[in-house]
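Each remark here refers to the structure printed beneath this line.
The values are calculated or read from the model by the stated rules, or taken from the named source; none is laboratory data. Please read all numbers here as calculations on a predicted model, not as lab measurements. Glycine gets a Cβ as well: all are built from the backbone with ideal geometry, and neighbour counts include every protein chain shown.
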Amino acid sequence: MEIRNRTALITGGASGLGAAVVRRIVNAGGNAVIFDVQQEKGNALAAELGKNVLFCITDVTQEENVNDSIAKAKDQFSGIHFCVNAAGTGWVERTVSKNGPHSLPIFEKILRLNLLGTFNVASKAAFAMSLNEPNEKGERGVIVNVSSTAAFDGQIGQAAYAASKGAVVGMTLPMARDLSSLGIRVVTIAPGLFNTPLLAMLPSEAIQALNNSVPFPKRIGEPEEFALLVEQVLLNPYLNGEVIRLDGALRMAPK
């Protein structure tokens, strides 16, 4: 589906992987709507990129907040064609530690953001896409959800995070099947280690060790490479119901 003159919602679009997607969409001639809770960063990115970008302060776990933000996006850009769900967070806590069992409220919080937030925005964006006129190939829209290699190679302390990202993988095919009659494709990307602001906080020796752990290219990924894959998913009309690992052939060790 061509990106030019079409509109993408990007959750978590104020920084990291999401911000790289925002830039890619705008560079391809599309409109980008940033859904994020980071108001200062979101406003700054929108101001930098100009009239083709709208920032909506949005908590993806809140239904009415998401509904309101989608309405604003449709008012400004007259339709929604793509949705990229990059909002999420990690957590490290063992199932049982010296402090006792894993905190259930924290486990629930991680699932709420990474899984429920993804489905909340994806389903509402899909409804907006269903109102689009189909293009010559019958497409009305594309949803790209973001999982993680932790869905397959969850490390020690990643039970909550891996569960949330594994569930995103698990709903890929049924969502694609659900939306097939509407001409909406669904693809999940499972990134490995990427050069995001969170990773940049690590000591240089730790970053070098991570670089060395990737088979090839022997480095962590750049957000622009993630955004490139998103663009390729949007453009390829036969790519649907698939989960794509983007990790340089990395398979995570237990710790």
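Among the numbered conditions (1) more than 18 Å from the chain's Cα centre (by Cα); (2) closer than 25 Å to Met171 by Cα; (3) surrounded by 18 or more Cβ atoms within 10 Å (Cβ to Cβ), tell me where Val33 comes up short.
Val33 satisfies every listed condition except (1).
For (1) modelled with pLDDT of 95 or more; (2) among the aliphatic types (A, V, I, L, M); (3) assigned to a loop (DSSP other than H, G, I, E, B), each residue gets a yes or a no:
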| residue | (1), (2), (3) |
| --- | --- |
| Val121 | yes, yes, no |
| Pro134 | yes, no, yes |
| Gly138 | yes, no, yes |
| Ala160 | yes, yes, no |
| Val169 | yes, yes, no |
| Asp178 | yes, no, no |
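Only residues that are under 28 Å from Leu111 (Cα atoms) and buried (at least 17 other Cβ atoms within 10 Å of the Cβ): list them for the stretch 46-60, please. Steps first, answer last, please.
Let us first name the residues in the stretch 46-60 that are under 28 Å from Leu111 (Cα atoms), namely 54-60.
Within the stretch 46-60, Leu54, Phe55, Cys56, Thr58, Asp59, Val60 qualify.
Out of all the residues in the stretch 46-53, is one or more in contact (Cβ under 8 Å) with a residue 60 or more places away in the chain, over 20 Å from Pro223 (Cβ atoms), among the basic types (Lys, Arg) and not in a helix (DSSP H, G or I)? Let's see the steps before the verdict.
Our first condition is that a residue be in contact (Cβ under 8 Å) with a residue 60 or more places away in the chain; within the stretch 46-53, this holds for none.
Scanning the stretch 46-53, I find no residue that is in contact (Cβ under 8 Å) with a residue 60 or more places away in the chain, over 20 Å from Pro223 (Cβ atoms), among the basic types (Lys, Arg) and not in a helix (DSSP H, G or I), so the answer is no.
For the stretch 18-27, indicate whether the set of residues that are within 19 Å of Ala128 (Cα to Cα) and surrounded by fewer than 24 Cβ atoms within 10 Å (Cβ to Cβ) is non-empty.
No, because not a single residue in the stretch 18-27 is within 19 Å of Ala128 (Cα to Cα) and surrounded by fewer than 24 Cβ atoms within 10 Å (Cβ to Cβ).
Just for the stretch 26-35: of the residues that are of a type in the set (A, V, I, L, M) and part of a strand (DSSP E or B), which one is nearest to Thr89 (Cα to Cα)? Write out each step before concluding.
First, the residues of the stretch 26-35 that are of a type in the set (A, V, I, L, M): 26, 28, 32-34.
Narrowing further to those that are part of a strand (DSSP E or B): 32-34.
On the way: Ala32: 22, Val33: 20, Ile34: 17 Å.
Here the answer is Ile34.
Within the stretch 6-25, does at least one residue satisfy the condition of being farther than 14 Å from Asn85 by Cα, assigned to a loop (DSSP other than H, G, I, E, B) and not small (Gly, Ala, Ser)?
Yes; the residues of the stretch 6-25 include at least one that is farther than 14 Å from Asn85 by Cα, assigned to a loop (DSSP other than H, G, I, E, B) and not small (Gly, Ala, Ser).
Just to verify a result, which residue in the stretch 195-213, among those that are in contact (Cβ under 8 Å) with a residue 24 or more places away in the chain and not β-branched (Val, Ile, Thr), is nearest to Glu224 (Cα to Cα)? I'd like the intermediate steps shown before the answer.
Just the residues of the stretch 195-213 that are in contact (Cβ under 8 Å) with a residue 24 or more places away in the chain, to begin with: 195-198, 213.
In the following step, the residues that additionally are not β-branched (Val, Ile, Thr) were identified as 195, 197-198, 213.
On the way: Asn195: 10, Pro197: 14, Leu198: 16, Ser213: 20 Å.
Restricting to residues being in contact (Cβ under 8 Å) with a residue 24 or more places away in the chain and not β-branched (Val, Ile, Thr), the top hit is Asn195.
Given the conditions (1) buried (at least 20 other Cβ atoms within 10 Å of the Cβ); (2) over 21 Å from the mean Cα position of the chain (by Cα), which single one is not true for Ala151?
Every listed condition holds for Ala151 apart from (2).
Scan (1) over 16 Å from Ala87 (Cα atoms); (2) out of contact with any Leu (no Cβ under 9 Å at 6 or more places or on another chain) for the single condition Leu111 breaks and write down its number.
Single failed check for Leu111: (1).
Which of the helices (runs of 4 or more DSSP H) found entirely inside the stretch 189-255 contain at least 2 residues meeting this: modelled with pLDDT of 95 or more and among the acidic types (Asp, Glu)?
223-235
Output the residues belonging to the stretch 181-200 that are under 25 Å from Pro134 (Cα atoms) and either surrounded by 14 or more Cβ atoms within 10 Å (Cβ to Cβ) or of a type in the set (Phe, Trp, Tyr) (or both). Spell out how you get there, then give the answer.
First, pick out the residues of the stretch 181-200 that are under 25 Å from Pro134 (Cα atoms): 181-189.
Residues satisfying the conditions are Leu182, Gly183, Ile184, Arg185, Val186, Val187, Thr188, Ile189.
Go through (1) touching a Phe, Trp or Tyr at 6+ places or on another chain (Cβ under 9 Å); (2) outside any loop (DSSP other than H, G, I, E, B); (3) farther than 22 Å from Leu193 by Cβ for Leu116 and report which single condition fails.
Condition not satisfied by Leu116: (1).
More than 23 Å from the chain's Cα centre (by Cα) and touching a residue at least 60 places away in the same chain (Cβ under 8 Å): is that true of Ala227 in this structure? Walk me through how you get there before you give the answer.
Details: more than 23 Å from the chain's Cα centre (by Cα): no; touching a residue at least 60 places away in the same chain (Cβ under 8 Å): yes.
Here the answer is no, as Ala227 does not meet what is asked.
When the residues of the stretch 68-106 are filtered to those that are aliphatic (A, V, I, L, M) and in a helix (DSSP H, G or I), which remaining residue is surrounded by the fewest Cβ atoms within 10 Å (Cβ to Cβ)? Before the answer, list the steps.
So in the stretch 68-106, the residues aliphatic (A, V, I, L, M) come out as 70-71, 73, 80, 84, 86-87, 92, 96, 104, 106.
Within this subset, residues satisfying the condition of being in a helix (DSSP H, G or I) are 70-71, 73, 104, 106.
Details: Ile70: 22, Ala71: 12, Ala73: 25, Leu104: 9, Ile106: 12.
Looking at residues that are aliphatic (A, V, I, L, M) and in a helix (DSSP H, G or I), I get Leu104.
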